[in-house]
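In what follows, a single structure is set out as structure tokens and then discussed.
The values are calculated or read from the model by the stated rules, or taken from the named source; none is laboratory data. Fair warning: this is a prediction, and the values are worked out from it, not measured in the lab. Glycine gets a Cβ as well: all are built from the backbone with ideal geometry, and neighbour counts include every protein chain shown.
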Amino acid sequence: MKKLSSISLRTRVLTGAVAAAALSAGTFGAVSASADAPAAESRAAVKADTSNRHLQQTTHLTVDAASRAAQATLDAAERAGQRVTVAVVDRNGNTIVTLRGDGAGPQSYESAEQKAFTAVSWNAPTSELVKRLGSTPNLKDIPGTLFLGGGAPVQVKGAPIAGIGVAGAPSGAQDEEFARAGVAALTR
């Protein structure tokens, strides 16, 4: 081990500065991460100016609405004697609710989520998107997507706010029929 006196002044200054920076960063992180810190209590709430043209309001499904849509979808499949999984995702593709029907295959869970994600991402039923693969085959390479019938977007004023995906029926057309039943349940 080298003696401290044999290390250059520059090295000692830089080492000290790095150590001080690390110590202060750790202290700052601990204070800023604490919700009980007095500094957090003294901050005034910032209110957004809703008349600002740079802000946009969006519509989202509640968990209750997503659950009702998923249950209506599952009920439609059960009436047709099909064992499916239903997934409802939000506008960003995050899963809100998934219902796996009794006897649905293990592959249906992920497939339903991917179909829902695909439908909301392109604001179109997945059966329509399958047709686009002829002219743009690389669409299927986008991670998290599944270009099979069975996904339907939920729209408000033409904009997608959610997607419903169904997987497990013998055909994508049937899966998509059930997904549309879930979308219809949101308008009642």
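What do you reckon, is Leu129 among the hydrophobic types (A, V, I, L, M, F, W, C) and under 14 Å from Ala77 (Cβ atoms)? Against the criterion (among the hydrophobic types (A, V, I, L, M, F, W, C) and under 14 Å from Ala77 (Cβ atoms)), Leu129 does not qualify.
Scanning segment 172-188 for residues that are surrounded by 24 or more Cβ atoms within 10 Å (Cβ to Cβ) and not small (Gly, Ala, Ser) turns up Asp175, Glu176, Phe178.
Filtering segment 77-93 to residues that are over 25 Å from the mean Cα position of the chain (by Cα) and not in a loop (DSSP other than H, G, I, E, B) leaves Glu78, Arg79. Just so you know, in segment 150-171 the residues that are surrounded by 23 or more Cβ atoms within 10 Å (Cβ to Cβ) and among the small types (Gly, Ala, Ser) include one that is farthest from Asp102 (Cα to Cα), and it is Ala162.
Against the definition (assigned to a strand (DSSP E or B), on the phi < 0 side of the Ramachandran plot and not β-branched (Val, Ile, Thr)), how does Ala181 come out, yes or no? So Ala181 fails the test. Candidates are the residues of segment 78-93 that are over 17 Å from Arg68 (Cα atoms) and in contact with a helix residue (DSSP H, G or I) (Cβ under 8 Å, 6 or more places away or on another chain); the one that is surrounded by the most Cβ atoms within 10 Å (Cβ to Cβ) is Gln82. Yes or no: Gly144 surrounded by fewer than 19 Cβ atoms within 10 Å (Cβ to Cβ), within 20 Å of the chain's Cα centre (by Cα) and either on the phi > 0 side of the Ramachandran plot or part of a loop (DSSP other than H, G, I, E, B) (or both)? When the stated conditions are applied, Gly144 passes them. Taken together, the residues in segment 57-75 that are in a loop (DSSP other than H, G, I, E, B) and either at pLDDT 95 or above or loosely packed, with under 15 Cβ neighbours inside 10 Å (or both) amount to 5.
So which residues in segment 94-134 are in contact with a helix residue (DSSP H, G or I) (Cβ under 8 Å, 6 or more places away or on another chain), assigned to a loop (DSSP other than H, G, I, E, B) and buried (at least 18 other Cβ atoms within 10 Å of the Cβ), if there are any at all? Across segment 94-134, the qualifying residues are Gly101, Pro125.
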